[in-house]
Every structure is written in structure tokens, then in C-alpha cells.
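This report refers to the structure that appears directly beneath it.
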Amino acid sequence: MVSVAVYVDDVILTGNDLDEINSLKKFLDQTFKIKDLGILHYFLGLEVLYKENGVLISQRKFTMDLLREYDCLQQSPLSSPLDPSFKLKANQGVLLEDPTQYRKLVGKLNFITNTRLDIAFRVQHLSQYMQSPRDTHLNAAYHVLRYLKGNPNLGIFLCNNTDYNINAFCDSDWAACSELIKSVSGYLILLGGSPVSWKSKKQSTIALSSAEAKYKSVRAVVGELVWLVRLFEEFSVTLSLPIPVFCDSQAALHIAKNPVFHERTKHIEVDCHFVRDKLQEGLISLHYIPTSDQLADIFTKTLTWIKHSTLLDKLGVSSSLPT
């Protein structure tokens with residue numbers, strides 16, 4: 001089997017048969033005149049470093065270029081991507097005369113979240129102020145840059161073991177947005193202990209309870225798991241089912257397992273049906289996990305420096321180069 005990943009004129013070839021890969025490269029060269037760059041080391045801003053037990057994917061060069069572009073190389077580094085004591089608000093601060101700089105910076109920070117899941121929550125927060133950014137929002141974005149300066153070599157580590165077990169973690173912060181009273185969902189999916197999918201996103205509708213907010217996060221991660229299972233099937237990867245989904249809300253788990261709908265769940269009945277169907281199909285299994293062990297916590301709220309750094313070790317975020 002040979003797989004081909006194409007983005008415009010950049011192509012990655014991989015597979016389990018070297019002869020087939022060489023044959024395909026020869027065919028592509030005869031048809032399009034390609035340039036063979038050898039083993040993958042750099043692709044669309046992603047740097048690949050090979051180690052004995054896996055690969056480290058980072059965006060060190062892109063991060064350093066960004067720090068240089070915004071004159072942050074001489075700034076002192078920070079230990080956290082956001083200040084826990086400061087709350088951003090839409091109308092707080094002075095409107096920027098030219099919002100382009102802010103939008104451009106947040107867009108580039110969003111690109112870095114492809115390998116830096118530790119800033120995903122902060123970047124989704126900053127993205128909410130793209131329409132009318134103010135100086136306080138720009139200062140918060142610079143705060144993230146100074147955090148990245150602390151260790152621009154960080155990236156995600158993918159183990160090369162044959163462990164195809166998937167674990168999913170989901171969490172939410174009820175009414176985290178004080179202005180719109182909307183909650184923030186976050187999830188993390190690990191394949192053999194390595195992060196392969198994650199997201200931090202403000203929920204589109206107001207949750208009437210913390211249990212509902214948690215349940216919406218369960219719905220989000222189950223939808224992602226359905227897509228991932230189909231993707232792995234295309235790659236002929238045999239997964240161990242059901243996939244355990246860990247949530248720190250007993251109420252949300254009871255809603256999923258309760259076969260009877262009542263007044264408290266009618267407004268989220270579609271979400272309930274979807275999760276319950278996947279539960280009955282055997283695609284997932286639901287498990288309670290204490291908040292202290294919830295890995296998705298980093299995608300929903302501001303954490304102290306100690307807990308933030310502790311979670312990074314558990315999330316597969318590592319560095320192979322000196323800071």
C-alpha cells in the first residue's frame with residue numbers, strides 16, 4: 001500500500017512497500033517532472049526529526065521567523081501562554097487603527113497549533129476578537145509570542161510502536177465566556193499515547209447546565225472519532241474497539257447511558273441520539289475520570305503554571321533541542 005498526501009505542488013509519499021514507492025516516484029517524474037527531496041524532513045512549515053522510538057514534529061523555524069517578525073527575540077520569555085489573573089473583554093481597551101496586524105498574527109498563531117496544542121485554548125480565545133481588535137487583545141497575543149520564545153523547539157512526539165489503542169478525553173468549562181455566557185469545549189485523542197487530534201472551541205449555543213456543556217464536548221469528540229475510525233480503515237489499520245472516552249462529569253455519562261429521554265434532555269436530543277447510537281454500536285465506551293487526571297483540561301481554561309507544565313509531559317509535547 002502506498003499513500004499520497006498532496007497540497008498544491010507539495011507531495012508526501014509513504015507506504016509499506018519501498019519498490020512501489022520508487023515505482024510511483026518514477027511515474028510521477030515522467031508525468032510531471034518532480035523533484036525528489038528524499039526522506040521527509042520539512043513539509044509546509046512542519047519539521048520532522050527522527051528518533052529511535054518515533055518522530056518529533058515541530059514548527060521551530062516558523063516560530064523563530066514569527067518571533068523575529070514581531071521583534072520578540074529580545075523579550076524575556078514567559079512560562080504560561082496567558083495570564084490567569086487577566087480576563088479579556090470585547091470592549092476593553094483602545095481600538096486598533098489597523099486591525100490587519102492583529103488578524104495576521106492570530107492567523108499565524110493558529111497555524112502553530114498544528115504542533116503546539118499547548119496554545120490551542122489561548123488562540124481560540126484570541127480569535128473571537130478578530131472583528132474589532134483592541135490594544136488589550138494585541139498585548140495578549142504578544143504574551144503568547146513570549147511564551148513561545150521560552151521553548152520554540154517544542155512539538156508533538158509520535159511513537160513508532162505498534163500500539164493502535166485510541167483513548168479520547170473531553171472536557172468543557174461551563175459559561176466560560178462571561179459576555180455571551182457560552183461554554184468552551186475541548187478534546188484530545190491519543191493513538192498509542194501520541195496526540196493525533198485535539199480542539200478547543202467555544203460552543204455555538206448556550207448550555208443550560210454544566211452537565212449539558214460536558215455532554216456537548218462528548219458529542220464533539222465522538223464525531224471526531226467516527227471520522228478517525230473511517231480514516232484508519234482506509235489505511236488498513238485495525239483498531240481496538242470500543243474506544244474509551246474519558247469525561248469528568250458523572251451527569252453527562254448518565255445522560256448518555258440513560259435510555260429514557262426527559263424534559264431536561266429534550267433540547268439536546270439529537271446529540272443524545274448520536275452519542276447513544278455510537279455507544280450501542282460498540283464504537284465507544286464511556287468512563288468517568290477525576291478532574292485532576294483530565295488531559296483535556298488544558299483546552300478549556302486557564303491553568304496554573306505548575307499544572308500547565310505537568311500536562312505537557314502527559315500530552316506528548318516534547319523537545320529534542322536545547323532552548
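The values are calculated or read from the model by the stated rules, or taken from the named source; none is laboratory data. What you are looking at is a predicted structure, and each value in this text was computed from that prediction instead of being measured. Every residue, glycine as well, gets a Cβ built from its backbone with ideal geometry; the counts of neighbours run over all protein chains shown. The accessibility values were calculated without ligands, DNA or RNA, using every heavy atom of the protein model including side chains. Shrake-Rupley method; radii C 1.70, N 1.55, O 1.52, S 1.80 Å.
Here the range 56-124 yields Rg over Rh of 0.97, to two decimals, using C-alpha coordinates and the Kirkwood radius.
On the accessible surface of the chain, probed at 1.4 Å, how many percent belong to carbon and sulfur atoms? Accessible surface attributable to carbon and sulfur in the chain totals 54 percent. Which one of 197, 34, 143 is farthest out on the positive end of the charge dipole of the chain, using unit charges on Cβ (Lys, Arg +1; Asp, Glu -1) and the Cα centre as origin? Checking the options against the dipole of the chain, the answer is 143. Highest average first, the peptides 31-37, 181-187 ordered by how many other beta carbon atoms sit within 10 Å of their residues are 181-187, 31-37. When each of the peptides 114-122, 15-23, 300-308 is scored by the mean number of other C-beta atoms lying within 10 Å of its residues, the order from highest to lowest reads 114-122, 300-308, 15-23. Each principal axis of the Cα cloud of the chain was evaluated for its coordinate range; sorted largest first, these ranges are 64, 53, 35 Å.
Between residue 159 and residue 24, the FRET efficiency estimated from the beta carbon spacing at R0 = 25 angstrom works out to 0.40. Springs join every pair of Cα atoms under 10 Å in this Gaussian network model of the chain, and among 73, 56, 109 the largest mean-square fluctuation is at 73. If the segment from residue 90 to residue 292 were pulled out straight at 0.36 nm per residue, it would be longer than the present Cα-Cα gap by 69.6 nm. Mean separation of Cα pairs under 8 Å and 6 or more residues apart, divided by the residue count, gives the range 1-138 a relative contact order of 16 percent. Per residue, the chain exposes 53 Å² of solvent-accessible protein surface, assessed with a 1.4 angstrom probe and all protein chains in place.
Seen through its C-alpha gyration tensor, with square-root eigenvalues sorted a ≥ b ≥ c, the range 102-231 comes out oblate because a/c lies at 1.5 or above while a/b is not bigger than b/c.
For the residue pairs 202/307; 104/199; 51/104; 51/301; 149/214, the alpha carbons lie more than 25 Å apart in 51/104; 51/301; 149/214.
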